[in-house]
Amino acid sequence: MSTAPERTDAITLRKLADVVALVPYLLGFHPQRSLVALTIEDAAVRGTVRLDLTQDPAEIAERAGHLVDVLSRNRSHRALLIGYGSEAEVTPMVGAATEALRAAGIGISETIRVDDGRYWSYVCTDVTCCPPEGTPVDLTSSVPAATAVLAGMCALPDRAALAATLDPPQQLDQDRVRDITREVCAQAKQRSKEGVRWFWDGANRVVAALERVQAGEDLDVETAIWIGVHLTAKPIRDMAMTYVPRYGAETHVRLWTEVTRKVHPTFATAPATLLAFAAMCRGNGALAGIALERALSISPHNTLALLLSEGLMAGLHPSHMLACDWNGVADDLVARIRLCPSAAWPLLPEGW
């Protein structure tokens with residue numbers, strides 16, 4: 001479940017068209033063949049859940065049940081359902097979700113279908129406000145959409161476009177990236193047995209990068225590669241997570257997006273996983289989802305990425321992500337490295 005960013009608090013939703021116009025900015029992309037559930041309080045969106053549509057009856061029932069679990073876990077009492085696609089695609093899943101939510105005692109404010117710039121209500125039968133041909137909605141220049149843009153939010157064409165934001169920059173010389181990575185790996189092999197010093201070198205590189213990103217600077221490729229190699233040591237990766245409260249989830253999202261894009265693809269697992277963690281802390285479920293897909297496409301059995309995937313599917317609230325005693329975690333990591341310096345050695349991918 002994604003939580004609405006604070007930037008949307010100033011956006012007042014006065015009509016259904018406002019809701020439809022805002023959803024792409026909440027997700028970060030224009031949904032297609034999707035069921036979106038919104039929780040709305042005081043005319044503002046508080047949470048968003050998106051599910052892919054399916055025509056399989058068993059999968060429909062499973063996804064409707066999952067929606068109930070997520071909303072119940074987040075103590076959501078009412079939801080607004082929006083199906084994206086043709087009537088034949090949307091109606092079966094909307095019907096199952098409606099029935100499941102009502103059975104769970106979760107109220108439904110409205111249920112609509114959106115397709116080709118128009119929406120239709122499953123609830124309203126008054127043709128004066130809900131005509132058979134659908135109600136047109138301006139997805140780009142409405143007040144909510146314009147306010148979202150001014151707040152720095154964007155709506156990419158589709159989910160694939162969002163996933164592409166983690167691809168390497170087009171101007172990045174991959175041969176140079178590979179050569180630098182081999183040089184850094186060679187140095188890492190020579191220095192890794194330094195143990196405690198190697199651990200603190202990696203942690204300090206992460207802190208320095210966070211400060212640069214927070215100051216609005218970009219990372220050079222060599223810095224990103226050094227961080228990517230350091231992160232193959234799980235204690236250094238875990239130490240990076242403890243810095244989220246200090247620098248804020250937004251800074252971490254920007255840093256780990258940049259590192260994921262600039263390292264050699266075989267080293268993208270750890271930064272992509274850290275990006276997913278930061279995105280979940282920020283309430284951005286869509287970005288967390290694509291980051292975890294990227295991480296697991298490289299390392300399908302990565303424990304942290306799998307745990308975060310379970311948390312994302314369960315709809316963990318950002319407050320739960322940040323409820324940990326991060327200072328205590330950092331102290332435990334330092335104590336562990338002092339007792340067992342070899343735990344900080346890099347675990348370089350095969351062939352490096």
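The values are calculated or read from the model by the stated rules, or taken from the named source; none is laboratory data. Note that the structure is predicted; figures quoted are calculated from it, not measured. Cβ coordinates were reconstructed from backbone atoms using ideal geometry, including for glycine residues, and neighbour counts include every protein chain displayed. These area figures cover heavy atoms from the full protein model, side chains too; ligands, DNA and RNA do not enter into them. Shrake-Rupley method; radii C 1.70, N 1.55, O 1.52, S 1.80 Å.
Odds and ends about this structure:
- Among residues that are farther than 30 Å from ALA291 by Cβ, over 30 Å from the mean Cα position of the chain (by Cα) and in contact (Cβ under 8 Å) with a residue 40 or more places away in the chain, THR135 is included.
- Taking the criterion of being part of a helix (DSSP H, G or I), within 20 Å of VAL70 (Cα to Cα) and open to solvent by 30 Å² or more (accessible area, probe 1.4 Å), the residues of the range 315-330 that qualify are SER319, HIS320.
- In the range 168-199, the residues that are among the acidic types (Asp, Glu) and touching a helix residue (DSSP H, G or I) at 6+ places or on another chain (Cβ under 7 Å): none
- Filter result for GLU59 (assigned to a helix (DSSP H, G or I) and over 19 Å from GLN32 (Cβ atoms)): no
- When the range 335-349 is filtered for residues that are in contact (Cβ under 8 Å) with a residue 40 or more places away in the chain, assigned to a helix (DSSP H, G or I) and open to solvent by less than 90 Å² (accessible area, probe 1.4 Å), the ones remaining, listed by number, are ILE337, PRO341, SER342, ALA343, ALA344.
- Every condition in (1) open to solvent by less than 10 Å² (accessible area, probe 1.4 Å); (2) of a type in the set (Gly, Ala, Ser); (3) in contact with an Asp or Glu (Cβ under 7 Å, 6 or more places away or on another chain) holds for GLY47 except the one numbered (3).
- Close contacts from the range 295-315, counting a first residue that is in contact (Cβ under 8 Å) with a residue 60 or more places away in the chain and a second that is of a type in the set (Ser, Thr, Tyr) and open to solvent by less than 30 Å² (accessible area, probe 1.4 Å), with Cβ to Cβ under 6 Å and a gap of 6+ residues or different chains, come to LEU304/THR273.
- Filtered residue count, the range 208-255, keeping only those that are outside any helix (DSSP H, G or I) and open to solvent by less than 30 Å² (accessible area, probe 1.4 Å): 7
- Of all residues in the range 266-311 being charged (D, E, K, R) and modelled with pLDDT of 95 or more, the one that is surrounded by the fewest Cβ atoms within 10 Å (Cβ to Cβ): GLU293
- Where helices (runs of 4 or more DSSP H) fall entirely within the range 68-186, those with at least 2 residues that are over 30 Å from PRO265 (Cα atoms) and open to solvent by 30 Å² or more (accessible area, probe 1.4 Å) are at 87-103, 143-150.
- Any pair with Cβ under 9 angstrom, 6 or more apart, that starts in the range 65-80 at a residue that is more than 16 Å from SER109 (Cα to Cα) and ends at one that is open to solvent by 80 Å² or more (accessible area, probe 1.4 Å) and part of a helix (DSSP H, G or I): HIS66/MET313; VAL70/MET313
- Residues in the range 256-273 that are closer than 13 Å to VAL206 by Cβ and either hydrophobic (A, V, I, L, M, F, W, C) or not in a helix (DSSP H, G or I) (or both): TRP256, VAL259, ALA270.
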